[in-house]
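Trainee: Below are the structure tokens for one structure; questions will follow.
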Amino acid sequence: MDLTEKAQGILRGNDRGGYTLPTKGLYPYQWNWDSAFAAWGFATFDADRGWQELETLMSGQWEDGMIPHILFHRPDPGYFPGPDVWQGRGPIPSSGISQPPVAASFMAKMLAMDPTGEARARAMWPALKRWHRWFMDWRLDRGAVCVTHPWEAGRDNAPDWDGAMRAIDADDVGEYTRRDTSHVDPAMRPTKYDYDRYLKLVQIGVSVGWDHEKLREINPFRVADPTMTFTLLRAQRDLAAMGRRFGEDVSEIEEWIAVLEDGAETLWNPEIGGYDSRDVRAGRFNGVLSNASMLCWYAGINDARALPALERMLAAAEYGLASYDPEAEGFESLRYWRGPTWPIMNYLVGSGLEEQGLDGPAARIRRDTARLMEAHGFAEYYDPHTSAPAGGGSFTWTAAVWLGWAGHAPQHQQGAA
């Protein structure tokens with residue numbers, strides 16, 4: 001069986017009838033940005049199933065427009081924290097936070113792949129606009145998009161959050177039993193110190209019924225984040241382009257794009273020569289160079305200032321783009337978002353570089369991503385020095401990256417001699 005067949009088999013195996021698990025055991029529900037990757041992966045061989053994935057994701061939208069980061073479609077006692085802990089208030093049991101808004105961008109890709117899906121895309125467009133408006137209403141600081149929980153960024157234990165996490169008093173969080181470390185080596189997962197604070201932030205949200213206006217005042221964790229800012233900026237561009245095709249008024253979205261472009265500049269930290277996260281409560285940069293710092297090209301910002309840091313990070317690793325600067329203190333090559341290389345981020349950065357005409361680093365990232373999968377299959381993430389697979393196995397979004405990107409040459413190279 002070749003890798004494409006294996007990748008398709010992973011998506012089929014993780015399919016739960018309308019939504020896809022990231023992987024069995026470790027993640028037994030529908031995760032927001034994982035699901036968008038899954039939809040794109042399905043679209044390469046089953047367009048109808050790809051559209052269904054996005055439609056199921058949209059079905060969990062809250063009345064205020066938010067689309068949660070987890071939808072708990074079926075009870076699973078093996079996962080913690082579950083819906084009883086989160087107490088979300090949407091139409092489907094859910095978490096109370098969101099995740100990087102990549103769905104509109106993947107919907108645009110799927111529409112290009114399957115123009116017959118236009119009616120389905122058109123039907124979802126208003127819901128996506130409502131979600132994007134929710135970010136603009138509740139998550140901005142000086143035009144950059146903030147996260148209110150590390151899980152919201154999708155980069156759970158990234159060094160970006162260390163300072164803000166230290167400001168959280170989690171002494172009264174109570175007893176709990178984690179499930180993730182029974183599926184994966186604890187050395188590859190966030191620490192108990194981290195987890196106590198993750199749960200404390202959930203408890204704070206529950207205490208005000210996930211009222212975003214109240215949370216904006218009382219939540220000790222509010223960090224302006226490159227991941228969120230750049231993915232939303234890209235998603236707004238894609239949403240506007242689809243809106244024009246559908247005959248929609250996109251003037252409001254164009255205004256949002258201008259705001260986010262200005263906001264992105266507030267994340268530029270000249271001291272590290274890269275885009276950085278900002279601790280809004282403390283009023284300072286976090287001094288973290290990461291793979292998220294390199295999402296500017298994906299967002300449509302062709303910033304030559306960011307190239308030296310990208311080239312240095314690529315030179316410091318053997319395989320793709322590490323999640324944290326390999327030369328920085330505290331780098332850990334196998335601990336989740338504190339060092340490993342992630343195919344999903346390699347895709348977002350690499351495809352952005354391709355779109356901006358930066359073929360050299362783009363080709364390096366694409367080639368390295370393919371090498372990882374060819375050597376070790378479809379793991380959650382990999383050691384950027386040794387290529388060792390880590391985290392969960394048979395991972396949906398990794399398989400999707402192979403199907404949609406890493407498993408073939410760039411379009412302009414296909415058919416070349």
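The values are calculated or read from the model by the stated rules, or taken from the named source; none is laboratory data. As the structure is a computational prediction, the values presented were derived from the model and not from experiment. Ideal geometry is used to build each Cβ from the backbone, glycine not excepted, and the neighbour counts take in all protein chains shown. Only protein heavy atoms, including side chains, enter the accessible area calculation; ligands, DNA and RNA are left aside. Shrake-Rupley method; radii C 1.70, N 1.55, O 1.52, S 1.80 Å.
Trainee: Checking D303 against (1) at pLDDT 95 or above; (2) open to solvent by 10 Å² or more (accessible area, probe 1.4 Å); (3) more than 23 Å from G143 (Cα to Cα): exactly one of these is not met. Which one?
Mentor: (3)
Trainee: Considering only segment 21-32, I want to know if a residue exists there that is surrounded by fewer than 24 Cβ atoms within 10 Å (Cβ to Cβ), within 22 Å of N346 (Cα to Cα) and of a type in the set (D, E, K, R).
Mentor: Looking through segment 21-32, none of the residues is surrounded by fewer than 24 Cβ atoms within 10 Å (Cβ to Cβ), within 22 Å of N346 (Cα to Cα) and of a type in the set (D, E, K, R).
Trainee: Now, a different point. Have a look at L3, L21 and point out the one that is in contact with a Pro (Cβ under 7 Å, 6 or more places away or on another chain) and among the hydrophobic types (A, V, I, L, M, F, W, C).
Mentor: L21
Trainee: For segment 44-65, how many residues meet the condition of being in a helix (DSSP H, G or I), open to solvent by 20 Å² or more (accessible area, probe 1.4 Å) and small (G, A, S)?
Mentor: Matching residues across segment 44-65 total 1.
Trainee: For segment 99-127, enumerate the residues that are touching a helix residue (DSSP H, G or I) at 6+ places or on another chain (Cβ under 8 Å), open to solvent by 20 Å² or more (accessible area, probe 1.4 Å) and within 14 Å of A43 (Cα to Cα).
Mentor: Across segment 99-127, the qualifying residues are A108, K109, M113, D114, T116, E118, R120.
Trainee: Here's another thing I want to ask about it. Restrict the check to segment 80-103 and report whether at least one residue is on the phi > 0 side of the Ramachandran plot and over 19 Å from the mean Cα position of the chain (by Cα).
Mentor: yes
Trainee: Right, something else. Taking the stated definitions as given, is E318 in contact with a His (Cβ under 8 Å, 6 or more places away or on another chain) and among the charged types (D, E, K, R)?
Mentor: yes
Trainee: With respect to A258, determine if the residue is part of a helix (DSSP H, G or I), surrounded by fewer than 17 Cβ atoms within 10 Å (Cβ to Cβ) and of a type outside the set (K, R).
Mentor: For A258, the condition - part of a helix (DSSP H, G or I), surrounded by fewer than 17 Cβ atoms within 10 Å (Cβ to Cβ) and of a type outside the set (K, R) - is met.
Trainee: Does G209 satisfy being part of a helix (DSSP H, G or I) and over 23 Å from G330 (Cβ atoms)?
Mentor: Considered against the rule, which asks whether it is part of a helix (DSSP H, G or I) and over 23 Å from G330 (Cβ atoms), G209 comes out as no.
Trainee: Right, another one. Can you spot a residue in segment 336-355 that is surrounded by fewer than 24 Cβ atoms within 10 Å (Cβ to Cβ), at pLDDT below 95, under 19 Å from the mean Cα position of the chain (by Cα) and among the charged types (D, E, K, R)?
Mentor: no
Trainee: Could you list all residues from segment 371-417 that are modelled with pLDDT of 95 or more, among the polar types (S, T, N, Q), under 26 Å from S35 (Cβ atoms) and open to solvent by 30 Å² or more (accessible area, probe 1.4 Å)?
Mentor: S394
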